[in-house]
Amino acid sequence: MSDNKIMIIEDSPTQALKLQLALQEEGFDVACFLSAEAALEALNAFHPDLIMVDYHLPGIQGDDLCRRVRMNINTQGIPTLMLTMDEDIDAQLRGLESGADDYVSKNEDAKILMLRVHSLLRKSGKQASIIKPEEMFFRKARILIIDDSPTYLEYLSGELADEGYHVETASNSTDGLALAEKGNLDCVLIDLVMPEIDGIEICRRLAPPQKHGEATIIIFLISAYESKDNAMRALEAGADDFVGKSGEISILKARIRALLRHKFLHDQTRKLIKEFRKREDDLERLIEERTQKLKEEVAVRERAENEAREAKKLAENANAAKSQFLANMSHELRTPLNAIIGFADAMRSGVNGAIANETHREYVENIYNSGRHLHEIIHDILDVSSIEAGKVHLNENELDVVKILHSAWDIVGHTAEKQGINVVWDISSKLPALYADERLLKQAYLNIVSNAIKFTKNNGCVTTQVKIDDNASFLVRVSDTGIGIPPEDIEKVLEPFGQVDSSLTRRHQGTGLGLPIAKAFVELHGGTLELTSELGAGTTVLLKFPPDRVRGQKNRPR
């Protein structure tokens, strides 16, 4: 059974049934409609491969239906066969001019009718033409006439040239085949009866089974012998139409126009399909290239992420090993160091008797001071290790900040007195309590004020200010009139072991851990440490605790 579907539009049930049975015997899938209105409504559901329509219909006429089919982009490529009982020329012309591809009398022999149906389906299903797309549209159709009658050849070529076609002629079969085989033809009209090679053989040579990429040529066989047998022979040989020479030239012209219109429409459709397929291929290639590029980028990123994770892991392991080493080393050093400091203190205080030799007393004093200094360094290293390991936990309470600061000052105040440093306290009245860790607050202040005393010249000044600012933050500010810090070194001194390397600072002992430790302790409370300095004029360190740590403020941390 054929896959082709045929729509019959015929208002006569008897005639419709006759056509339906004939087509079904050929294996076609057939649907019959009694009116053009019903057929148009069914076109969306039943998309036919060919339409057979009666010219005379109730309501919408057959020629009007053809026009509507041609005007719709979804149906304009469907071949249409017009049926009529009229034999007059005007009716045939109207049918062909409306867009029908062929015009057949209802009295036509059934075999001839089937041959015309197969011819239209064969032409509509052919593959893309080899005619160049740029030459396909807005050009004159190229027609070849092969006829051994000089009189008829001249007459027909003149008539078709007047229609605007580009016409070539051949007066014998050999020349005609040579011209046809050059290609670039749209239509060939061949005389049925000629010496040497007749029209049937030429038709067979020009219309072999079409293959992909071969040209589509419309073939008319014309003859003065207009018999049923000749018509059947012509259509069976592959001709698209058979026309008698005695017929009206206007009918021949109309048939040529109809078939050329159908050919150009299909050429245009094939061109669009080819272009769409090309764009689809280009898009698929672009998608494939982009996908490959994305895969490569993802692979590169994954490698980078893996390398970063590995590097991070190595760094974390190295940092943990460093912290563990520092902690172990500090612990191992602290035990003998405490013994050294203890014995040195006992000797310098004369617990077991005073040391008579002055030089020996100086030695003992140096041992004691050096031991204390080394003890402070070890303590700072342990603090840094704990901070980096995330092992510092807050033990928070509501604190009297001023009391804690005075307690810290008592530890280093004697040094300031020895250096003749002027001490200033600027304390706001009615200060609220601060919700914080007492040990960390005291250590942070002690580190800052120790630096201030250490780097302030004799008779200088160290000022401690405590207040609540306009944003309800708790501020502790320590200012000195010491040596100051160059602007480019301010960030450095806030890093571990980042003591500024200058002739002034090298005279003072230290590890450079005081400020970084203070900064870390304040940040554990959600606060900040800000440092401003001017070389030769002094330094100011500001500890700022957030409002939610001030007693009486909401959202106090738990």
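A few remarks follow.
- If you go through the range 262-318 and keep only what is among the basic types (Lys, Arg) and more than 30 Å from Leu81 (Cβ to Cβ), you end up with Arg277, Lys278, Arg279, Arg285, Arg290, Lys293, Lys295, Arg301, Arg303, Arg309, Lys312, Lys313.
- Extreme residue, surrounded by the most Cβ atoms within 10 Å (Cβ to Cβ), among residues of the range 457-472 that are out of contact with any helix residue (DSSP H, G or I) (no Cβ under 6 Å at 6 or more places or on another chain) and more than 17 Å from Leu431 (Cβ to Cβ): Gly460
The rows are residues; the columns are (1) in contact with a Pro (Cβ under 8 Å, 6 or more places away or on another chain); (2) closer than 30 Å to Met329 by Cβ; (3) at pLDDT 75 or above; (4) of a type in the set (Asp, Glu).
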{"position": "Gly342", "(1), (2), (3), (4)": "no, yes, yes, no"}
{"position": "Met347", "(1), (2), (3), (4)": "no, yes, yes, no"}
{"position": "Gly353", "(1), (2), (3), (4)": "no, no, yes, no"}
{"position": "Val364", "(1), (2), (3), (4)": "no, yes, yes, no"}
{"position": "Asp380", "(1), (2), (3), (4)": "no, yes, no, yes"}
{"position": "Asp383", "(1), (2), (3), (4)": "no, yes, no, yes"}
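- Single match in Ser223, Ser171 (criterion: over 60 Å from the mean Cα position of the chain (by Cα), free of Cβ contacts under 8 Å to residues at least 60 places away in the same chain and more than 19 Å from Ala254 (Cα to Cα)): Ser171
- Among the helices (runs of 4 or more DSSP H) confined to the range 348-464, the ones with at least 3 residues that are assigned by TED's automatic domain parsing to the domain that holds Asn338 are located at 358-388.
- Residue match in the range 269-282 (condition: at pLDDT below 85 and of a type in the set (A, V, I, L, M)): yes
- Checking each residue in the range 1-19 for being of a type outside the set (Asp, Glu), surrounded by fewer than 19 Cβ atoms within 10 Å (Cβ to Cβ) and either without any contact (Cβ under 8 Å) to a residue 40 or more places away in the chain or farther than 16 Å from Leu121 by Cβ (or both) picks out Met1, Ser2, Ser12, Pro13, Thr14, Gln15, Leu17, Lys18.
- Candidates are the residues of the range 226-236 that are modelled with pLDDT of 80 or more and either surrounded by fewer than 21 Cβ atoms within 10 Å (Cβ to Cβ) or charged (D, E, K, R) (or both); the one that is nearest to the chain's Cα centre (by Cα) is Glu236.
- Scanning the range 263-275 for any residue that is in contact with a Leu (Cβ under 7 Å, 6 or more places away or on another chain) and under 23 Å from Met114 (Cβ atoms) turns up nothing.
- So Phe276, is it surrounded by 12 or more Cβ atoms within 10 Å (Cβ to Cβ) and of a type in the set (Phe, Trp, Tyr): no
- The condition of being among the charged types (D, E, K, R) and touching a strand residue (DSSP E or B) at 6+ places or on another chain (Cβ under 6 Å) holds for Asp426.
- Given (1) without any contact (Cβ under 8 Å) to a residue 40 or more places away in the chain; (2) of a type in the set (S, T, N, Q); (3) loosely packed, with under 10 Cβ neighbours inside 10 Å, index of the condition Asn395 fails: (1)
- Across the range 1-52, the number of residues qualifying as assigned to a helix (DSSP H, G or I) and of a type in the set (S, T, N, Q) comes to 4.
- Residue satisfying all of: in the range 89-124; of a type in the set (D, E, K, R), at pLDDT 75 or above and assigned to a helix (DSSP H, G or I); farthest from Arg68 (Cα to Cα) among these: Lys111
- Within the range 333-364, tally of residues that are in contact (Cβ under 8 Å) with a residue 12 or more places away in the chain and loosely packed, with under 14 Cβ neighbours inside 10 Å: 1
The values are calculated or read from the model by the stated rules, or taken from the named source; none is laboratory data. Treat the numbers as computed from the prediction; the structure is a model and nothing was measured. Glycine gets a Cβ as well: all are built from the backbone with ideal geometry, and neighbour counts include every protein chain shown.
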